[in-house]
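The values are calculated or read from the model by the stated rules, or taken from the named source; none is laboratory data. Quantities reported herein were computed from a predicted structural model and do not represent experimental measurements. Neighbour counts run over all protein chains shown; Cβ positions are idealised from the backbone, glycine included.
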Amino acid sequence: MFAYVGCFTTAHRKARGKGISVYRIDATSGAWSLVEVLKTIANPGYLALDSQQRFLYASHGDGDTVSAYAIDPQTRKLKFLNQQPSRGDNGPHLVVDPGDKYVVVANGPGIAVLPINADGSLAPLTDAVVPPGKEGPYRREQGLGAHPHQVVFDASGRFLISPDKGVDATHIYKLDLANGKLAPNDPPFVKSRYGAGPRHLSFHPSRPIAYLINELDSTVTTYQWDTQGDTRGSLTPVHIIPTTPPTFVGDNTGAEIAVAPNGLFVYVSNRGHNSIATFAVDPKDSTLTPLGWEPTQGKKPRFFALDPAGEKLYVANEGSDTLVAFKLGAMSGKPVPAGLIIHTGSPSCIAFAK
């Protein structure tokens, strides 16, 4: 298995990264060995692969571009293909549509769509939208309007969901695959609590449920995902729970969220408490119950990812320049330190490939 690690690089972010690092992961020992470090456009903060793992795409923090790379099938090294403007000012997240026709990027003020050429390079964007919404505290404090922080497709590939911490809402769009245009769904969004700052969402693998981490108030909201009847593509909140223990009284912001492949557990990262919180999924109503908090052995865990087998969890501690591996208990679901720490500057994303 291979891992592609995006890192922040600029002084503006007080970053120490160099670009995108490629690692080979030993199947027996789990050890990581560095294949290459590719210097790239500044701040390749989020990475996404196409479904065939032939190409890799990067969005760039504090930037207005999306870049494309070809993956060598033998060495897994990267070759730069091209870059295209995203008509934004900050790219915290991007996704490839299930049919490998488009890259969709959260570009700062909104969402942009870029077609994928036959050779994996990117064509000029076909659409760029700025979602509506009333400003929340994040907008007022940071001088921002809408600020989608993620773009993710549901399992059907028909709906694009985008949590927006600028306007305290999660937007829902439909992507027209014929022309690369986005159309607001009906209903077009679901509101969050004022000041919650919705950041990232993860769907349950087998139930019509989605879990969303709210960055600013450090909570997780459970949503019913309805794609039936007259309310196609609607999110209905049914439960909310803090991401930190009740004894923690310090500052914290929520960052990443993921559902275990077996659907039994939900994981979130806390920046401030510097932990991975583990929640059990109720077998009846899918609400969450906290099981514990595991220290990430570092600072500012902006990102984490489960390996494809769902047996390990890797944390990217942006503030302490480390990737830390945890084994996941088969029965308990809880992360346990695996004794593996990889040192790399300001890591912000991990993308796994076979």
(message) Taking the conditions exactly as written (more than 18 Å from the chain's Cα centre (by Cα), in a loop (DSSP other than H, G, I, E, B) and closer than 21 Å to Val259 by Cβ), does Ala309 satisfy them or not?
(response) yes
(message) Name the single residue that is nearest to Gln150 (Cα to Cα) among those in segment 94-113 being in contact (Cβ under 8 Å) with a residue 60 or more places away in the chain and of a type outside the set (Val, Ile, Thr).
(response) Asp97
(request) Consider Gly339 carefully, then state whether it is part of a strand (DSSP E or B) and without any contact (Cβ under 8 Å) to a residue 24 or more places away in the chain. (result) yes
(request) State all residues of segment 193-215 that are assigned to a loop (DSSP other than H, G, I, E, B) and under 19 Å from the mean Cα position of the chain (by Cα); if no residue qualifies, say none. (result) Ala196, Gly197, His204, Pro205, Glu215
(message) Of the residues Thr227, Thr221, Thr231, only one is out of contact with any helix residue (DSSP H, G or I) (no Cβ under 9 Å at 6 or more places or on another chain), of a type in the set (S, T, N, Q) and at pLDDT 95 or above; which?
(response) Thr221
(message) Taking the condition of being among the hydroxyl-bearing types (Ser, Thr, Tyr) and either surrounded by 15 or more Cβ atoms within 10 Å (Cβ to Cβ) or touching a helix residue (DSSP H, G or I) at 6+ places or on another chain (Cβ under 9 Å) (or both), how many residues in segment 1-40 meet it?
(response) 6
(request) All but one of (1) within 27 Å of Lys174 (Cα to Cα); (2) under 18 Å from the mean Cα position of the chain (by Cα) hold for Val238, so report the exception by its number. (result) (2)
(request) Could you list all residues from segment 122-145 that are modelled with pLDDT under 80 and surrounded by fewer than 18 Cβ atoms within 10 Å (Cβ to Cβ)? (result) Arg140, Glu141, Gln142, Gly143
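Listed here are the residues, each with its yes/no results for (1) part of a loop (DSSP other than H, G, I, E, B); (2) more than 21 Å from Leu313 (Cβ to Cβ); (3) not basic (Lys, Arg).
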| position | (1), (2), (3) |
| --- | --- |
| Ala3 | no, no, yes |
| His12 | no, yes, yes |
| Ser29 | yes, no, yes |
| Ile41 | yes, yes, yes |
| Gln52 | yes, yes, yes |
| Tyr69 | no, yes, yes |
| Thr75 | yes, yes, yes |
(request) Go through segment 271-306 and give me each residue that's at positive phi and assigned to a strand (DSSP E or B). (result) Gly292
(request) Using the structure shown, decide if Lys312 is of a type in the set (Lys, Arg) and in contact with an Asp or Glu (Cβ under 8 Å, 6 or more places away or on another chain). (result) no
(request) Could you please find all residues in segment 312-336 being more than 21 Å from the chain's Cα centre (by Cα) and part of a strand (DSSP E or B)? (result) Val336
